[in-house]
Amino acid sequence: MSLLLPRPDGTTRAYEPRATPLSLPPGPPPTSRTVFSAAHVVADPYADTSPGSPAAIDWDATLAFRRHLWAHGLGVAEAMDTAQRGMGLDWPAAAELIRRSAAESKAVGGHIACGVGTDQLADGSLAEVRAAYEEQLAVVEEAGAQPILMASRALAAAARGPEDYLSTYADLLRQAAEPVILHWLGPMFDPALDGYWGSADLDTATETFLEVIAAHPDKVDGIKVSLLDARREVELRRRLPAGVRCYTGDDFNYPELIAGDQLGFSHALLGIFDPLGPLAAEAVRVLDKGDTDGFRALLDPTVELSRHLFRAPTRFYKTGVVFLAWLSGHQSHFTMVGGLQSARSLPHLARAYELADGLGLFPDPGLAETRMKSLLNVYGVPQ
């Protein structure tokens, strides 16, 4: 039976759901690329919270989703912006998430890296920013996870020029026990990060970023670039010191960047690989065999869904990610920390359902259809 899905103009259209999903069984980690999925958190729907309250997490469902990603051979990038860092997930909850997920990764043999930021600060001096980073770095290292040094709103506010970034990151890299991943998150993901690395000019900012890496190449495993600019990412990765990886964070252009060219390729650390996890892992295993065409045939059709979820204002992509997790049966409800389930419109969610269903992403299409109907009824779209 068809559903009536709403259009932005207030009308509805009939949609016939797919009957069978893609067959995507669990598998081993890819070998030709290192692939992380940045994972979302599952809110506790029974907690008596409101926007601005401390995050209430359903730990069982949150950890079960990470086991799902590990079972398909993906690494988990934990406590990143996909987990609503700075958008509902406070630092105490993030620290607990890091500890629990790192312990779970050891239990199942999964690969994990965790975000290190300064979100226990609203603002502060450079010394306070460094202290906040150091506190979070200690939590991640004590948990036994690889650190990802995230871009800091507090540093962006406190820094007066490139030299403040150079000195702050130099201090942190000297202290890191093992090589870290440096994260450059563009202002489309977080407007407070505009002008990161000391300049709003991306060419100038790139030079500072590369200077940070060049000063401590032994302490940098790789860089995670989230600028939604494939050309810039390719140019940047070609300038990296030997042994420093580029992890694409480009949710618009990831198939071509992961496939690469004759001069190199990008690994992956992507929020879109939360809903695409099994399909993404299978595509990269095809690439492991040298079958670039087969890899692109699997992954290219997913770009329309990704561009839809990450459309401006991009920072609200988390709503679509959690929505698809609910439709896929990974959680029992469509509730988010901070009430962020309200951040996207019903027509936006309906289109996300249609695109994901067309790709065969829902393990149980009937469940997804039933849940979509329930949401439509709540919004007053009779079926």
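The values are calculated or read from the model by the stated rules, or taken from the named source; none is laboratory data. Worth saying up front: this structure is predicted, and the values here are computed from it rather than measured. Neighbour counts are summed over all protein chains in view; Cβ atoms, including those assigned to glycine, are modelled from backbone coordinates with ideal geometry. Side chains are part of the model used for accessible areas, which takes the heavy atoms of the whole protein and leaves out ligands, DNA and RNA. Shrake-Rupley method; radii C 1.70, N 1.55, O 1.52, S 1.80 Å.
Show the residue pairs that are 6+ apart or on different chains and have beta-carbon atoms under 9 Å apart, the first residue being within the range 158-180 and more than 18 Å from Gly222 (Cα to Cα), the second being open to solvent by 40 Å² or more (accessible area, probe 1.4 Å) and in a loop (DSSP other than H, G, I, E, B).
Ala158/Asp123; Ala158/Ser125
Inside the range 1-75, counting only strands (runs of 3 or more DSSP E) that do not spill past its ends, which hold 3 or more residues that are in contact (Cβ under 8 Å) with a residue 12 or more places away in the chain, open to solvent by less than 50 Å² (accessible area, probe 1.4 Å) and touching a strand residue (DSSP E or B) at 6+ places or on another chain (Cβ under 7 Å)? First the steps, then the outcome.
Working: elements: 3-6, 12-15, 35-38.
The qualifying strands (runs of 3 or more DSSP E) are 3-6, 35-38.
In this structure, does Thr292 turn out to be touching a helix residue (DSSP H, G or I) at 6+ places or on another chain (Cβ under 8 Å), buried (at least 19 other Cβ atoms within 10 Å of the Cβ), β-branched (Val, Ile, Thr) and free of Cβ contacts under 8 Å to residues at least 60 places away in the same chain? Can you show your working first?
Values: touching a helix residue (DSSP H, G or I) at 6+ places or on another chain (Cβ under 8 Å): yes; buried (at least 19 other Cβ atoms within 10 Å of the Cβ): no; β-branched (Val, Ile, Thr): yes; free of Cβ contacts under 8 Å to residues at least 60 places away in the same chain: yes.
No, not satisfied.
Being under 12 Å from Pro21 (Cβ atoms), small (Gly, Ala, Ser) and at pLDDT 95 or above, is that true of even one residue in the range 361-380?
Checked the range 361-380: at least one residue is under 12 Å from Pro21 (Cβ atoms), small (Gly, Ala, Ser) and at pLDDT 95 or above.
Within the range 332-383, work out how many residues are over 21 Å from the mean Cα position of the chain (by Cα) and of a type in the set (A, V, I, L, M, F, W, C).
Here the count works out to 9.
Identify the residue in the range 41-60 that is among the β-branched types (Val, Ile, Thr) and farther than 12 Å from Ala94 by Cα and, among all such residues, is modelled with the highest pLDDT.
So in the range 41-60, the residues among the β-branched types (Val, Ile, Thr) come out as 41-42, 49, 57.
Adding the requirement that they be farther than 12 Å from Ala94 by Cα leaves 42, 49.
On the way: Val42: 98, Thr49: 90.
Among residues in the range 41-60 that are among the β-branched types (Val, Ile, Thr) and farther than 12 Å from Ala94 by Cα, the one modelled with the highest pLDDT is Val42.
State the number of residues belonging to the range 88-99 that are touching a helix residue (DSSP H, G or I) at 6+ places or on another chain (Cβ under 6 Å) and either among the acidic types (Asp, Glu) or open to solvent by 10 Å² or more (accessible area, probe 1.4 Å) (or both).
First pass over the range 88-99, keeping only residues touching a helix residue (DSSP H, G or I) at 6+ places or on another chain (Cβ under 6 Å): 88-89, 95, 98-99.
The next check asks that each one be either among the acidic types (Asp, Glu) or open to solvent by 10 Å² or more (accessible area, probe 1.4 Å) (or both); those that pass are 88, 99.
Counting residues in the range 88-99 that are touching a helix residue (DSSP H, G or I) at 6+ places or on another chain (Cβ under 6 Å) and either among the acidic types (Asp, Glu) or open to solvent by 10 Å² or more (accessible area, probe 1.4 Å) (or both) gives 2.
Among the numbered conditions (1) closer than 22 Å to Pro187 by Cα; (2) assigned to a helix (DSSP H, G or I); (3) open to solvent by 60 Å² or more (accessible area, probe 1.4 Å), tell me where Ala122 comes up short.
(2)
If you check Ala297, Ala268, which single one turns out to be modelled with pLDDT of 95 or more, open to solvent by 10 Å² or more (accessible area, probe 1.4 Å) and among the aliphatic types (A, V, I, L, M)?
On the way: Ala268 fails: open to solvent by 10 Å² or more (accessible area, probe 1.4 Å).
Step by step, each of Ala297, Ala268 is checked, and only Ala297 is modelled with pLDDT of 95 or more, open to solvent by 10 Å² or more (accessible area, probe 1.4 Å) and among the aliphatic types (A, V, I, L, M).
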